[in-house]
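Below is one structure, written out as structure tokens, with a few remarks after it.
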Amino acid sequence: MEDFELERNIGCGNFSQIWHVTLKARPQESYALKIVNVQTVKRNDLVTFVQQERNAMLSLNNPGHPNVIRMIDTFRDNENVYLLYEYAKGGELWEEIKNVGVQDKYISRVLVGQLLSGIEYIHNHGIVHRDLKCENVVIDGGVLKIIDFGTSKFVDELNAEEQSGEAYNECMGVRSGRDIKNYEIHGNHGSISLHRATMMRRKFKHYVGTPNFMPPEAISNISSGYAGDLWAFGCTIYQLLLGFNCFNGSSNYFIYKKIKDNQIEFPDNFDPDAMDLIKQLLCTNPRERLSLARVREHKFFAGIRDSMPHAVPLETFNTLDTALRRACYKVQESIFNLTVKRENATNDDHNEIKEAISWIEQHSTPEISDAIRFNYVRTKDQLALEIDEANRYMAEQLPNDC
């Protein structure tokens, strides 16, 4: 560790910190260093996740792929385990496209194609990522690279767990998704939290990832292997094109309800080819999801399939002027805050959002303003349903003489 200079913190996880570092002997050489505290992973029974990430990366490094991050080295001291990665100068994809998405149809197809190539490579090495999303993709020189293999698994290991899982679950009293629902009814919007993960890990082996991107079978503690990544890929395409998640809700419980019911909604002007591709990836039955080979042949890629560039200029990710981008960020944040306030949201909150959308409609393309208005309407409708369900639940719990 003494060979590196810590430049700045560029990310953090449940049990790790990621730093941009330079080599003291050669300051022009930049890397991303993942620092994992040994005591934290031991205390929370997370050693397996660190081992999984290292083993997956050792396999994926041979021979390596432009759309998958490369691990340079691993080492440790008395306090930490260190995983040294190549450094992606463009940062996280999500930071470039959140709230506005990728508007250019050609660029969006190139980016989805890069993700497709990376996922194909990962699956060809017998690995399931299990947490695909724009937050786990970085940009380097206009090239997308998939990162964060802490929840990944070799598919052979998943198959072995699945074969032994039925008897284990029967012994432990697991009843499909029912127990998970009890744990998650007051959940959050991020990856499964550390304390819950520790509590649930032995019971719910396949309940892994970020709630908005988890396939329905994982919510029911069933592994579908590669098909789980296909579902997450569909969610990621949606997220990439629109700048917000496909499945929304104020808690994991309501997010899971939408996933299990396959409630997928799109703005009126959404790209029809992209819609068809996403719907075919988001099939509730894992066996019916579009394979990666069929994704590559989908009409979404028509016209660029044989001439897809390996990189796109970074400026194409950010084509909006500063004032418009700032307005989009602000209104999307206000829309998200409605899910926090729920029944406490006021008329002033809604009027502020409506006024902001009206301003955006006057200063942007229909695709952007329609997507933001769509996100507001679906969020408002979703919250009305949640509040109604909560009220009905409370009424059922009250004694009849109240």
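The values are calculated or read from the model by the stated rules, or taken from the named source; none is laboratory data. Since this is a predicted model, take the numbers as computed values, not measurements. Positions of Cβ are generated from backbone atoms using ideal geometry, with glycine treated the same way; all protein chains shown enter the neighbour counts.
In this structure, is Glu53 closer than 30 Å to Ile368 by Cα, touching a Gly at 6+ places or on another chain (Cβ under 9 Å) and in contact (Cβ under 8 Å) with a residue 60 or more places away in the chain? When the stated conditions are applied, Glu53 does not pass them. Within the range 366-383, if we keep just the residues that are in contact (Cβ under 8 Å) with a residue 60 or more places away in the chain and of a type in the set (S, T, N, Q), the residue that is surrounded by the most Cβ atoms within 10 Å (Cβ to Cβ) turns out to be Asn375. The single residue among Asn44, Asn61 that is outside the structural domain of Leu111 (by the TED database), surrounded by fewer than 16 Cβ atoms within 10 Å (Cβ to Cβ) and over 21 Å from the mean Cα position of the chain (by Cα) turns out to be Asn61. Assess whether Phe49 counts as being buried (at least 16 other Cβ atoms within 10 Å of the Cβ), of a type in the set (Phe, Trp, Tyr), within 19 Å of the chain's Cα centre (by Cα) and not assigned by the TED database to the domain that holds Asp306. For Phe49, the condition - buried (at least 16 other Cβ atoms within 10 Å of the Cβ), of a type in the set (Phe, Trp, Tyr), within 19 Å of the chain's Cα centre (by Cα) and not assigned by the TED database to the domain that holds Asp306 - is met.
One line per residue, one yes/no per condition, for (1) among the acidic types (Asp, Glu); (2) surrounded by fewer than 20 Cβ atoms within 10 Å (Cβ to Cβ); (3) outside any helix (DSSP H, G or I); (4) assigned by the TED database to the domain that holds Ile107:
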| site | (1), (2), (3), (4) |
| --- | --- |
| Asp229 | yes, no, no, yes |
| Ala232 | no, no, no, yes |
| Leu240 | no, no, no, yes |
| Phe244 | no, no, yes, yes |
| Ile264 | no, yes, yes, yes |
| Thr284 | no, yes, yes, yes |
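For the range 80-130, the candidate set comprises residues that are charged (D, E, K, R) and not in a loop (DSSP other than H, G, I, E, B); within that set, the residue that is farthest from Leu290 (Cα to Cα) is Glu86. Tell me, yes or no, whether the range 296-303 has at least one residue that is without any contact (Cβ under 8 Å) to a residue 60 or more places away in the chain, surrounded by 15 or more Cβ atoms within 10 Å (Cβ to Cβ) and in contact with a helix residue (DSSP H, G or I) (Cβ under 8 Å, 6 or more places away or on another chain). Checked against the condition, which is being without any contact (Cβ under 8 Å) to a residue 60 or more places away in the chain, surrounded by 15 or more Cβ atoms within 10 Å (Cβ to Cβ) and in contact with a helix residue (DSSP H, G or I) (Cβ under 8 Å, 6 or more places away or on another chain), the range 296-303 yields at least one hit. A single member of Val110, Val38 is in contact (Cβ under 8 Å) with a residue 24 or more places away in the chain and within 30 Å of Asp370 (Cα to Cα), and it is Val110. No other residue among Ile372, Ile360, Ile353, Ile304 is of a type in the set (Val, Ile, Thr), closer than 27 Å to Lys89 by Cα and either assigned to a helix (DSSP H, G or I) or touching a Lys or Arg at 6+ places or on another chain (Cβ under 9 Å) (or both) apart from Ile304. Taking (1) in the same structural domain as Thr379 (by the TED database); (2) closer than 25 Å to Tyr106 by Cα; (3) touching a residue at least 24 places away in the same chain (Cβ under 8 Å) in turn, Asn269 satisfies each apart from (1).
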